[in-house]
Amino acid sequence: MSAPKRGRALYERLDLETVLALLLAAAAVWSLPVLRGSGRDLDHWANLKRFLGRFLPPDLSVLPDVAAALGETFRIAVLATLFAVALSLPLALCAARTVSPRPLALLARLAMNMVRTLPSLVWALVAVAVVGANPLAGVVALTFYSVGYLGKFFADAFESVDLKVAAGLRALGAHPIQAFQYGLWPQARPLVWSQSLWMLEYNLRSAAIVGYVGAGGIGVQLHAYQEYYQWDRFATVLLCILALVIALDLVGERLRARLLRRTGSAETLAAD
Amino acid sequence: MAAITAPAPGAPHLSLRGLGLRRGERWLFRGLDLEVRRGEFLAVTGPSGAGKSSLVAALAGLLPASEGGLSWCDAAGAAQPPAALRGRLGLVFQDLRLVPTLPLLDNVCLARLGRHPWWRTLAGAPREGEARARALLGALGLAEVAERTAALCSGGEQQRAALARGLCLEPEAVLADEPVSALDPDGARRALGVLRDEARARGLTVVCVLHDRPHVEEFADRALVIDPALPAGFAL
């Protein structure tokens with residue numbers, strides 16, 4: 001009976017991580033042909049240097065135009081995030097398995113998964129086809145795109161809270177709506193705020209991209225400068241986007257940390 | 001909310017008739033007959049897992065009796081199921097159940113939510129009980145941390161706030177499940193002193209799960225021991 005024993009030992013060695021590593025290695029080998037490129041003998045390094053050289057120095061004369069377009073991008077992101085939060089909250093309540101009946105939760109999660117399947121650029125193409133090439137298309141596209149993510153995040157937040165708190169308020173005589181408002185919602189609220197801020201940051205980056213297909217904002221300018229090979233101006237836009245994203249990242253990170261501190265996950269032990 | 005006329009102290013308030021509670025297939029205890037008088041302080045003691053918390057949950061109407069019955073008496077002496085007293089029982093949960101993201105003061109004030117229709121509390125929690133909440137927190141030594149978020153308070157502070165919440169309701173009876181288990185001896189005596197003083201001043205019936213014999217002897221009028229090692233599973 002030694003052969004079955006050896007087989008079993010091999011099976012035991014094949015844990016999930018080993019299997020994943022083997023599958024990844026096989027996938028990498030299978031993917032190697034894509035590294036061939038066009039097959040022509042190109043001087044890639046010289047190409048890169050020549051291309052990047054056109055970016056420098058950035059043409060700062062377009063700064064006023066870029067600032068105005070960035071403002072529009074910001075507005076698109078703000079409104080899209082706001083609408084997405086408003087749509088996601090009820091959807092997330094339906095999708096939270098601890099709050100809603102199981103069939104409803106499954107249906108809501110399926111709907112959100114479908115929304116998430118489409119990238120923001122595809123949502124933008126659809127929105128431009130429906131409402132035309134304008135900032136409204138950006139708002140519509142990013143709203144739908146964000147609902148897929150925020151709905152899932154909020155549902156997870158509702159599922160992560162301690163339901164006994166709300167049950168305790170019920171036992172003390174509170175109405176179910178009061179138990180939700182004061183027992184469940186305050187626990188989920190910091191997470192909801194934190195995730196909404198993250199979505200706003202994300203939408204700012206996305207709003208720069210959706211403009212490529214005409215959905216307003218800085219992306220429209222980016223596309224125009226690329227079309228006319230004005231790479232020095234293109235570089236100015238990129239630098240402005242970079243500055244905005246870094247600033248938002250810094251502010252957002254601090255705000256999120258402050259919000260999540262209110263849940264007390266890190267401080268509870270320190271207070272003892 | 002039902003009007004509470006002044007009930008006679010010493011009149012029956014809680015009546016258990018052949019009460020039995022089961023956890024899964026195992027009986028915790030059976031045939032418990034007990035009458036608790038209005039204003040009485042009943043301590044419930046016994047080893048862990050004996051069924052003390054289950055008894056408190058049953059008295060609060062949160063756990064159905066496996067056999068027998070239990071009822072609360074209203075001012076006129078009529079029997080009422082525990083559900084009828086919802087909003088008039090000051091519950092202190094073993095697992096506290098405070099809202100971690102709200103200050104202790106807000107948590108204590110939330111005890112009185114059920115006194116208001118839900119549409120009146122949509123814009124904000126009622127503050128009419130704030131003076132009493134502050135007084136209770138002060139009596140329990142929490143005046144300085146009243147505005148601190150619950151999650152940032154120590155376990156002992158949270159436990160005292162949970163006791164304050166149970167009392168802030170101005171209930172007919174207090175059901176407290178190990179309300180001082182996280183407190184040091186002096187803190188525990190102080191907290192139980194507040195509970196006893198409130199009970200005496202307002203004629204509250206108290207059913208309180210306690211582990212320390214000195215606490216039982218100092219604060220309780222009677223003790224119910226629930227212990228599977230006892231022939232009946234309990235003793236008075």
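The values are calculated or read from the model by the stated rules, or taken from the named source; none is laboratory data. Note that the structure is a prediction, hence the values are computed from the model and not measured. All Cβ positions, glycine included, derive from the backbone under ideal geometry; neighbour counts span all protein chains shown. Note: accessible area is taken over every heavy atom of the protein model, side chains too, but ligands, DNA and RNA are not part of it. Shrake-Rupley method; radii C 1.70, N 1.55, O 1.52, S 1.80 Å.
Would region A:77-85 turn up any residue that is part of a loop (DSSP other than H, G, I, E, B), surrounded by fewer than 16 Cβ atoms within 10 Å (Cβ to Cβ) and hydrophobic (A, V, I, L, M, F, W, C)?
No: zero hits.
Taking the residues in region A:173-183 that are touching a residue at least 12 places away in the same chain (Cβ under 8 Å) and open to solvent by less than 10 Å² (accessible area, probe 1.4 Å) as candidates, determine which candidate is farthest from the other protein chains (Cβ to nearest Cβ).
If we take residues in region A:173-183 being touching a residue at least 12 places away in the same chain (Cβ under 8 Å) and open to solvent by less than 10 Å² (accessible area, probe 1.4 Å), then A:Ala179 is farthest from the other protein chains (Cβ to nearest Cβ).
If I go through region B:171-199 residue by residue, how many of them are under 15 Å from the mean Cα position of the chain (by Cα) and not in a strand (DSSP E or B)?
15
Sort out which residues of region B:118-132 are more than 7 Å from chain A (Cβ to nearest Cβ) and in a helix (DSSP H, G or I), and write them in order of number.
If the condition is that a residue be more than 7 Å from chain A (Cβ to nearest Cβ) and in a helix (DSSP H, G or I), then B:Trp119, B:Arg120, B:Glu130, B:Ala131, B:Arg132 are the ones that fit.
If only one of A:Leu93, A:Leu142, A:Leu89 is farther than 27 Å from B:Val99 by Cα and touching a residue at least 40 places away in the same chain (Cβ under 8 Å), which one is it? Lay out the reasoning, then the answer.
Details: A:Leu93 fails: farther than 27 Å from B:Val99 by Cα; A:Leu89 fails: farther than 27 Å from B:Val99 by Cα.
Just a single option satisfies the conditions, and that option is A:Leu142.
Looking only at region B:34-80, filter to residues that are among the hydroxyl-bearing types (Ser, Thr, Tyr) and under 17 Å from the mean Cα position of the chain (by Cα); which one of those is nearest to B:Asp177 (Cα to Cα)?
At the first step, the residues of region B:34-80 found to be among the hydroxyl-bearing types (Ser, Thr, Tyr) are B:45, B:48, B:53-54, B:66, B:71.
Checking the rest, the ones that are also under 17 Å from the mean Cα position of the chain (by Cα) come to B:45, B:53-54, B:71.
On the way: B:Thr45: 10, B:Ser53: 6, B:Ser54: 10, B:Ser71: 19 Å.
Going through the qualifying residues, I end up with B:Ser53.
If A:Ala129 passes every condition in (1) over 30 Å from B:Pro100 (Cβ atoms); (2) more than 19 Å from the chain's Cα centre (by Cα); (3) open to solvent by less than 70 Å² (accessible area, probe 1.4 Å); (4) free of Cβ contacts under 8 Å to residues at least 24 places away in the same chain but one, which one does it miss?
(3)
Give me the residue from region B:93-117 that is outside any loop (DSSP other than H, G, I, E, B) and either facing chain A (nearest Cβ under 7 Å) or open to solvent by 10 Å² or more (accessible area, probe 1.4 Å) (or both) and, out of that set, farthest from B:Val207 (Cα to Cα).
B:Pro103
In region A:86-101, which residues are over 18 Å from the mean Cα position of the chain (by Cα) and either closer than 13 Å to A:Trp231 by Cα or surrounded by 12 or more Cβ atoms within 10 Å (Cβ to Cβ) (or both)?
A:Pro90, A:Leu93, A:Cys94, A:Ala95, A:Ala96, A:Arg97, A:Thr98, A:Val99, A:Ser100
Of the residues in region B:188-201, how many are at pLDDT below 90 and either under 15 Å from B:Leu98 (Cβ atoms) or open to solvent by less than 30 Å² (accessible area, probe 1.4 Å) (or both)?
Total meeting the criteria: 1.
Quick check on my filter: what residues within region B:138-170 are within 19 Å of B:Leu89 (Cα to Cα) and either open to solvent by 10 Å² or more (accessible area, probe 1.4 Å) or outside any loop (DSSP other than H, G, I, E, B) (or both)?
The answer is B:Gln159, B:Arg160, B:Ala161, B:Ala162, B:Leu163, B:Ala164, B:Arg165, B:Gly166, B:Leu167, B:Cys168, B:Glu170.
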